[in-house]
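Please read the structure below before turning to the comments.
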Amino acid sequence: MAPQDIRTVQIQENASQAVFARYLNVTTGLVSQWERGEKRPRGASLKLLTLLQKTVLPQ
């Protein structure tokens, strides 16, 4: 998942970075790193982001 996609999902959910991190059970710093492209989501976080993306963003 691309960094801009993660940011778009967060904005569409109308959640701050801190709240979005709690949705995914990760730290705010990790969400920030994902959005800057320094790290990529993996495992359960990636699955949750993918599900959110499918429900939030029109296809």
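Annotations
- Taken about its Cα centre, the chain carries a charge dipole of roughly 180 debye when the Cβ of each Lys and Arg holds +1 and the Cβ of each Asp and Glu holds -1.
- Scalar couplings 3J(HN,Hα) for segment 42-49, obtained by applying the Karplus form with A = 6.51, B = -1.76, C = 1.60 to θ = phi - 60°, are 9, x, 4, 4, 5, 4, 5, 4 Hz; x denotes Gly and Pro.
- Excluding ligands, DNA and RNA, the accessible surface per residue across the chain is 67 Å² with a 1.4 Å probe.
- Largest-first principal axis extents of the Cα set of the chain (Å): 28, 19, 19
- Expressed as a whole percent, the accessible surface of the chain that belongs to carbon and sulfur atoms is 50, based on a 1.4 Å probe.
- Structural descriptor for the chain: relative contact order 43 percent, calculated from alpha carbon pairs under 8 angstrom and at least 6 residues apart.
- Expected 222 nm ellipticity per residue - DSSP helices of 4 or more, -39500 (n - 2.57), all of the chain, to 500: -20500 deg cm²/dmol
The values are calculated or read from the model by the stated rules, or taken from the named source; none is laboratory data. Keep in mind that this is a model prediction, so the values were computed, not measured. Note that each Cβ is placed from the backbone with ideal geometry, even for glycine, and that neighbours are counted across all protein chains shown. We work out accessible area using only protein heavy atoms, side chains counted, and drop any ligands, DNA or RNA first. Shrake-Rupley method; radii C 1.70, N 1.55, O 1.52, S 1.80 Å.
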